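The structure appears right after this line, and notes come after that.
Any read-out appearing in this document is the output of simple, stated calculations on the displayed coordinates, not a laboratory observation. Only a predicted model underlies this, so the values are computations on that prediction, with no experimental measurement involved. Here Cβ is always computed from backbone atoms with ideal geometry, including for glycine, and neighbour counts include all displayed protein chains.
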Amino acid sequence: MCTNFAYPTAQDGTVCIGRTMEFPNEIPWQIAVTASDMEGECTLVSKGKTWQARYGVVGMSAFDNPQWIVDGMNTAGLSAHLLYMPGHATYYAPKGDGSDIGILDMIAFVLGTCATVAEAKAAAASCNVVNVQPKEIPIPLPLHLILHDKDSCAVVEFHPDGMRIMDNPVRVATNSPYLDWHLTNVTNYLSLSPDSPAAIEINGASYTASSQGQGFRGIPGDGTSPSRFIRALTYVRFAPRPASAQDAELQSIRVLHNFDIVSGSVVEVSPVGGEVPELTIWSTVSNLTSNRYLYNTMSEPQWFAIDLATSDFTTSRSVAFATTGGVSAITV
């Protein structure tokens, strides 16, 4: 379970992309930094795709491998996000022609070499995502790729008949099923509004809204992917235009926390055995205009910001999450 959206563009032109990561707490996560001149290659099969990076990348990676990025942004103002797609991600047999790549290598490749969604779409189309499971990861990884720049969004999906790359006009994404289904489902929620309904009269008796908020009556509140898609789209659709970069970041964070999973509310069976809770492991905001990457983790309520303009992109590396020791005590 993951949720991704573009917040309305601020009055100063700032564009922020929000994302949550909901998953069982079974994967070791770190901050990833990849060098602006990194020589990348497919990590899963021989004779796979190789590339020479042009941009530095900051993001979230797994298993102490800075190339296995699942969420991140680059110094050119492009962000990329891998979201879970159970039952809706078909990878392909290796071709051995230099196009083969692992799904976890995709973001490092795309963000390392592309500056815009248009460039990233072309780069993704050159890939053959192979159906090879990394030995380090004990669970399947059915995923799709979401791309954002300041002006546009696209989704890369892996259908049984091949990769499909679609422009995403609403700039919101969650999980299964495919994007075209979610866009059709939007038509079931056209009556949602931030306004309270007007009073009505029935047989001479007047009825008015008993409280504020009735305009959102009927918005789905469960954790399923279709419901979160509608909820995220509704929040950003009616959000007021932020005044500044700081306002855009803070309002993106406010929306993200609406998707935090309350501990114990979602339980699933682990592929390695037993029941495990699903949790909001971390959330991020990619400020594509100010080149800032913000993150928050399950164990640390503080939000942290990484300034890409002052980051060191001479080497690729994994960096542990920052900590402040939890909620700070104050005297009042």
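Tell me, what ³J(HN,Hα) does each residue in the range 150-159 have, in order and in whole Hz, if you take phi through Karplus 6.51 cos²θ - 1.76 cosθ + 1.60 with θ = phi - 60° and put x for Gly and Pro?
These are the phi-based 3J(HN,Hα) values: 5, 10, 7, 9, 9, 10, 10, 10, 10, 8 Hz.
Once label points are set 7 Å from the Cα along Cα→Cβ at both residue 260 and residue 9, what is their separation, rounded to one decimal in nm?
Between residue 260 and residue 9, the label points sit 3.2 nm apart.
When DSSP assigns beta bridges and you keep just the ones with both residues in the chain, what percent turn out antiparallel, to the nearest 5?
Here the share of antiparallel DSSP bridges comes out near 95 percent.
Need one number: % antiparallel among DSSP beta bridges in the range 138-228, to the nearest 5.
So the antiparallel bridges in the range 138-228 amount to around 100 percent.
Going by amide H atoms built from the backbone, whose H comes under 5 Å of the H on residue 168, apart from near neighbours?
Amide H to amide H, under 5 Å and 5 or more residues apart or across chains, residue 168 pairs with 153, 154, 155.
Return the FRET efficiency for the residue pair residue 97, residue 309: r is the Cβ-Cβ distance, R0 is 51 Å, and the value is rounded to the nearest 0.05.
Efficiency, rounded to the nearest 0.05: 0.85.
Packing-wise, with mean Cβ within 10 Å as the measure, how do 171-177, 144-150 rank, highest first?
144-150, 171-177
What is the calculated FRET efficiency for residue 39 to residue 137, with r their C-beta to C-beta distance and R₀ = 25 Å, to the nearest 0.05?
0.55
How high is the FRET efficiency from residue 47 to residue 317, r the C-beta distance, R0 35 Å, rounded to 0.05?
On the way: r = 27 Å, r/R0 = 0.77.
Efficiency, from the Cβ-Cβ distance: 0.85.
How would you rank 303, 51, 68, going from fewest to most other Cβ atoms within 10 Å of each one's own Cβ?
303, 51, 68
Cα gyration tensor of the range 159-250, axes a ≥ b ≥ c as square roots of the eigenvalues: rounded (a/c below 1.5), prolate (a/b > b/c) or oblate?
oblate
Residue 100's amide H: which non-local residues (gap 5+, or another chain) put their own amide H closer than 5 Å, with H modeled 1.01 Å from N in plane and none for Pro or chain starts?
Amide H to amide H, under 5 Å and 5 or more residues apart or across chains, residue 100 pairs with 49, 95, 128.
Peptides 253-259, 284-290: what's the order by average Cβ count within 10 Å, highest mean first?
284-290, 253-259
How long are the three semi-axes of the equivalent ellipsoid of the range 115-178, in whole Å, if each is the root of 5 times an eigenvalue of the C-alpha gyration tensor, listed from largest down?
Working: eigenvalues 102, 38, 28 Å².
Taking √(5λ) for each Cα gyration eigenvalue gives 23, 14, 12 Å.
Which order results if 247, 100 are arranged by neighbouring Cβ count within 10 Å, fewest first?
Details: 247 18, 100 23.
So the residues, fewest neighbours to most, are 247, 100.
If we count other beta carbons within 10 Å of each Cβ, what is the order of 91, 84, fewest first?
91, 84
Return the Rg/Rh value of the range 73-230, two decimal places, where both radii are evaluated on C-alpha atoms and Rh is the Kirkwood radius.
1.15
Hey, what's the Kirkwood Rh for the chain if you take every pair of different alpha carbons, in angstrom?
20.8 Å
Taking 0.36 nm per intervening residue step and subtracting the Cα-Cα distance, what contour gain separates residue 196 from residue 250 on full extension?
16.9 nm
Give me the net charge for the shell around residue 195: Cβ to Cβ below 15 angstrom, other residues only, Lys and Arg +1, Asp and Glu -1.
Net local charge, residue 195 excluded: +2.
When a/c is below 1.5 the answer is rounded, else prolate if a/b is larger than b/c, else oblate, so apply that to the range 1-51 with a ≥ b ≥ c taken from the square roots of the Cα gyration tensor eigenvalues.
Oblate.
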